[in-house]
1. What nm distance separates the two modelled labels at residue 50 and residue 136, each placed 7 Å from Cα along Cα→Cβ?
2. How far apart, in nm, are two points set 7 Å out from the Cα along the Cα-to-Cβ line at residue 80 and at residue 161?
3. Return the distance in nm (one decimal) between the two label points of a simple spin-label model at residue 43 and residue 6, each offset 7 Å from Cα along Cα→Cβ.
4. For Cα pairs less than 8 Å apart in space and 6+ apart in sequence, what is the mean separation divided by the residue count of region 2-177, i.e. the relative contact order in percent?
5. Exactly which trypsin sites (Lys or Arg not before Pro) in region 13-59 are in a DSSP loop and have at most 11 other Cβ atoms within 10 Å?
6. Only four residue types carry charge here, +1 at the Cβ of Lys and Arg and -1 at the Cβ of Asp and Glu. Report the dipole size of region 2-177 about the Cα centre in Debye, rounded to the nearest 20.
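Just so you know, all these numbers are worked out from the coordinates, no wet-lab data involved. From a predicted model like this one, the values you see are computed outputs, not experimental measurements. Here the Cβ positions follow ideal geometry from the backbone for every residue, glycine too, while neighbour counts run over all protein chains shown.
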Amino acid sequence: MTLFGTFLTETLQRSWSLWRKKSTVRVRNTGRYYFDFTHWHILVSWIIIIAELVLGTIPEPPWIRMLAMPVPSLFFVFSIEMLIFEFMYIFKIPVPFRISSVPKGDPMRPALYPLLEDIIAVDGMGQTEFRDHLNQRYNASPPFRSMLHRLTMLWMIPQMLVAGGTLAGIVIADHELAYTRLDVARLVSSCNLGRDLGYGNGDTD
């Protein structure tokens, strides 16, 4: 619940930072109703989470495996998105729509670029000036572009592996593992056993 509340609070705060009339973090030369690419990704993530939780809680009893899906689903969406963007970058395919500071029709940049730009500009309060400086650095430095490409691959491949492993565990596990269940009786028995063996009362002889 704390994680859910934090995610919701951060999303609302980010929305306000981008939407307010005198925003200092918005993508340059865009209107107040333009959210950066990372923010749209967050909103889509919310839709996925809510849809899976609703589908999982409608049946009686609840569909526990579906309730375990939000994390691997988000990892899959994120990694597939990065894979598509990196494919476009490698083959120099122009972007079909504006992606943060990358205008429509420009060559695609490494998938990590818009995340780096948006998170530092908005959440890190680097503001619009950071977007401009990052763009200048990207255009001026081939080693920087190569580094972003390598870092993107370093993010993307482990995400796919984690998502695939988690999904496999959810699908093929014998027990429904959406939540960890604490067996109180077993815990009490373990405590009693420890006491009988002399642990917990200072008697270790």
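1. About 4.1 nm, to one decimal.
2. Once both label points are built, they end up 2.1 nm from each other.
3. 2.5 nm
4. In percent, rounded to a whole number, it is 24.
5. Answer in residue order: 21, 22, 28.
6. I would put it at about 940 debye.
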